Amino acid sequence: MTDATPTFERSPDLPPPASTVGVVGWLRQNLFSTWYNTLLTILALWIVWEAVPPVISWAFLTADWAGTSRDDCTSGGACWVFIKEWFGQFIYGRYPIEERWRINFGSIILIVCAATLFFPRFPYKLWVSLFLIFVYPIVAFFLFSGDAFGLEWVETPLWGGLFLTLVIAIVGCVFALPIGIVLALGRRSDMPAVRAVCVAFIELWRGVPLITVLFMASVMFPLFVPEGLTFDKLLRALIGIMLFQAAYLAEVIRGGLQAIPRGQYEGAQALGLSYWKMMILIILPQALKLVIPGIVNSFIALLKDTTLVLIIGLFDFLGMIQAAGTNPDWLGFAVEGYVFAAFVFWVLCFGISRYSLHLERKLHTGH
Amino acid sequence: MSDAQTATSTDGNGGSAIQMIGVHKWYGQFHVLKDINLAVDRKEKIVVCGPSGSGKSTLIRCINRLEEHQRGQIIVEDIELTNDLKKIDEIRREVGMVFQHFNLFPHLSVLDNLTLAPIWVRKMPKDEAEDVAMKFLTRVKIPEQATKFPGQLSGGQQQRVAIARSLCMNPKIMLFDEPTSALDPEMIKEVLDVMVDLAEEGMTMIVVTHEMGFANRVADRVIFMDGGEVIEQADPETFFNNPQSERTKLFLSQILSH
C-alpha cells in the first residue's frame, strides 16, 4: 500500500517577493500604499527638497564664522560673527566685564552641587540638598549683587542676558513649588476659611496674564507703597512671577492629589500619622510623582515666559539679542539672533524634558 | 436580641477594650448605624457578618475614627472618641487596622512600609524599628520580600505585609475589614493562617468577614448585622447551629448553601 503512494518532494521555499520585504516593501506599505498616500509622499518630498538645502546653505555652507565686524560678513549666508561678537553680552547682559567671574563662580558651585545629586552612590546628598535650598540662595545673592565679602556692588538693572533668564526661571520654579504645594493642600482643606483663601488666590493669579502681573509689579506697585520705600524692580518681578507660577503649580499638584486613592489616606490615618506627616510621607511623594509631566510642563513654559520681562525694562537673554540687533553697527542681523535664541531655548527645554523622563523611570516602583 | 445587647452593654466596665453605647451614624439622610451597643472584652475575638450594606464595615471604621459617629459614645481602651485630635491619634496608635485592599504605600519598600509608623509616630530609632519589622515579617513568613515594593508581591503577600505593618505599632486591638475579600481563592488560606496565629496569641480582634470557617474556629462571639442594626450575637456554635432570628437564618442559608 505504501508502495502505491506516490512520493512528493517538497520544493525549496521561494524568497518572498521583493515588493513585500526590505526597503522596497516598507516604502510600498508606508508611503505608496494608495494613490493619495503616493501624492502626499511626493508633495512632502518636494517641500523637503525646496526647504532644507537653502536652510543648510544659509546656516552652514555660506555662513561667515570668522571676523570681528559686519564687514566680515560678505558671503550672503548667516553672519555668525554677530553672535560671536556679542556672545558675552548675550550671556551676562551689561554686568561689568571684570566682574563676570562672579557669575561663572556662582554657576559652577550650582552645577557641581547639582551634579553630585545625580550620582546614586554619593553619600552626602541630604547635606548638599540642604545647602542648595537654604545656603546657596544667600551666597548667590551676595555673590551676584555684591556689597559684601569686599565685592563691588552691581545693581540689578545691569543684570541681563542668559544669566538673568536663568535667575528668574530658577528662582520662579524653586520658590513656586512649595507655595504651590501649600495652596493645593489648602484648596482641599476641610477648613472653609483656608479653602476660600486658597481658591481666591489661585483664581486671581491664574486669571491674569503674566504681562499684567509684570506691569503691576513694575508700574503700579510703587504707587501703593509709601514714598521713599523702594523695592528693587527685579525683586518685584521675581515675586510676581513666583506667585503666578505658584498658582499654576497648585492646580497641577491638586490634580495629582485627586488621583491618590482614599485608601492611602485611610492607611496612613489608621497608623496614627498626623495630617502633615501623612501628607509629607505618604500622599505628596505619590501625588508629585504622578504630576511630574505637568510640573515640568509649567517649568518649561515659565522658562520661555521669562522673555516677557523685557517689557518692564529688564534685558533677559532674548532682550539682549534684540538690543544687539538694533545696534547701528549691526543692523540687519536680527534673524541670526533669533535663530540663536531659539536654539538655546530649545536645548534648555529639551534637556529639562529628557531629565523629567529619566526621573519618571527612576521613581517607577512597578504598580 | 435585646437581652444580649443589654447584657453586653451593662457589663461594660474599665475592663472592656471597646465600648459602644447607643451609637448612631447617618450618611446624609441614610441611617447607617442604628443604636449600636457593643462591649468587647480584652483578648476577645469577634467576627462581624451580614449582607453588604448592613453597616458592618462602618461599625469597625467608627472604632478608629475613619468614620465619625453622630450620636452615642465610643470608648476605646478607656479613651473616649471625641473631636479631640490628640485622643483620636492616641486611639489610632493602639488600634491596628487591616483593609480589604491592603492600602500599602506603593512608593515605599516593604521594609519602609513597616518602619514608617514606628519611626514617625512612636519615635523609635531606625535600627530598632527595622529589627521589629523583620521580626513581624518573619512571623507572617515573608522576610525575604523586605526589599521589594508592594506592587511586586501577590495579593496574599501584600495582605500579610499589611498585617505585619499594623503589628509593628504594637497595637492592643486589631480591626480587620474584609481582609480576604479581594484575594484570589488560593491566597485566602495564607492570610487566615496568620490571623489564626494572631488570635491564638491573645490579640483583641474584630473581624468583618464572610469566612465562616474562620469564625467557627476563632471567634468567641459572632455578630450578625443587617440594616444598620445588630440583629443577633452568640458564640459560634449557637450562632451557626441554632440561629434565632429569621434574617439570620436566611443569611446563613444563602452563604452556606454552597
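The values are calculated or read from the model by the stated rules, or taken from the named source; none is laboratory data. Just so it is clear, the model here is predicted, and its values are computed rather than measured. Glycine gets a Cβ as well: all are built from the backbone with ideal geometry, and neighbour counts include every protein chain shown.
Tabulated values for the structure
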| item | result |
| --- | --- |
| Single match in A:K304, A:K289 (criterion: in a helix (DSSP H, G or I), within 14 Å of chain B (Cβ to nearest Cβ) and either touching a residue at least 24 places away in the same chain (Cβ under 8 Å) or among the small types (G, A, S) (or both)) | A:K289 |
| Among (1) over 16 Å from B:C49 (Cβ atoms); (2) in contact with a helix residue (DSSP H, G or I) (Cβ under 9 Å, 6 or more places away or on another chain) - the single one B:E178 does not satisfy | (1) |
| Members of region A:46-88 found to be exposed (fewer than 12 other Cβ atoms within 10 Å of the Cβ) and within 27 Å of A:F163 (Cα to Cα), listed by number | A:A66, A:T68, A:S69 |
| Restricting region B:157-189 to residues that are in contact (Cβ under 8 Å) with a residue 40 or more places away in the chain and among the charged types (D, E, K, R), the residue that is nearest to B:P143 (Cα to Cα) | B:R165 |
| Residue match in region A:320-343 (condition: part of a helix (DSSP H, G or I), within 22 Å of the chain's Cα centre (by Cα), surrounded by fewer than 21 Cβ atoms within 10 Å (Cβ to Cβ) and at pLDDT below 90) | yes |
| Boolean, B:P171 is surrounded by 19 or more Cβ atoms within 10 Å (Cβ to Cβ), closer than 30 Å to B:N241 by Cβ and in contact with a helix residue (DSSP H, G or I) (Cβ under 7 Å, 6 or more places away or on another chain) | no |
| Strands (runs of 3 or more DSSP E) fully within region B:27-132 counting 2 or more residues that are within 13 Å of chain A (Cβ to nearest Cβ) | B:95-98 |
| Residue list for region A:267-281, filter: surrounded by 19 or more Cβ atoms within 10 Å (Cβ to Cβ), facing chain B (nearest Cβ under 7 Å) and either more than 30 Å from the chain's Cα centre (by Cα) or within 18 Å of B:F176 (Cβ to Cβ) (or both) | A:G267, A:Q269, A:A270, A:L271, A:G272, A:L273 |
| Hits in region B:67-78 (condition: surrounded by fewer than 21 Cβ atoms within 10 Å (Cβ to Cβ) and not small (G, A, S)) | B:E67, B:E68, B:Q70, B:R71, B:Q73, B:I75, B:E77, B:D78 |
| Residue among B:L114, B:L104, B:L81, B:L137 that alone is closer than 26 Å to B:T209 by Cβ, touching a strand residue (DSSP E or B) at 6+ places or on another chain (Cβ under 9 Å) and buried (at least 18 other Cβ atoms within 10 Å of the Cβ) | B:L81 |
| Residues of region A:28-58 satisfying the condition of being part of a helix (DSSP H, G or I) and modelled with pLDDT under 85 | A:R28, A:Q29, A:N30 |
| Matching option when the condition is small (G, A, S) and closer than 26 Å to A:G319 by Cβ, among A:G160, A:G186 | A:G160 |
| Residue under evaluation A:E152, criteria (1) more than 22 Å from the chain's Cα centre (by Cα); (2) crowded, with 19+ Cβ neighbours inside 10 Å, criterion not met | (2) |
| Segments classed as helices (runs of 4 or more DSSP H), wholly inside region A:200-263, with at least 3 members that are over 24 Å from A:M278 (Cα atoms) and modelled with pLDDT of 90 or more | A:210-215, A:233-259 |
| Residue list for region B:137-156, restricted to those being within 14 Å of another protein chain (Cβ to nearest Cβ) and either touching a residue at least 40 places away in the same chain (Cβ under 8 Å) or out of contact with any Gly (no Cβ under 7 Å at 6 or more places or on another chain) (or both) | B:Q145, B:T147, B:K148, B:F149, B:P150, B:G151, B:L153, B:S154, B:G155 |
| Members of region A:243-264 that are within 12 Å of another protein chain (Cβ to nearest Cβ) and crowded, with 19+ Cβ neighbours inside 10 Å | A:Q264 |
| Residue that is in the same structural domain as A:F333 (by TED's automatic domain parsing), hydrophobic (A, V, I, L, M, F, W, C) and either surrounded by 13 or more Cβ atoms within 10 Å (Cβ to Cβ) or within 29 Å of A:L158 (Cα to Cα) (or both), where the choices are A:I91, A:I111, A:I103 | A:I91 |
| Flag if B:E186 is surrounded by fewer than 22 Cβ atoms within 10 Å (Cβ to Cβ) and under 22 Å from B:Q233 (Cα atoms) | no |
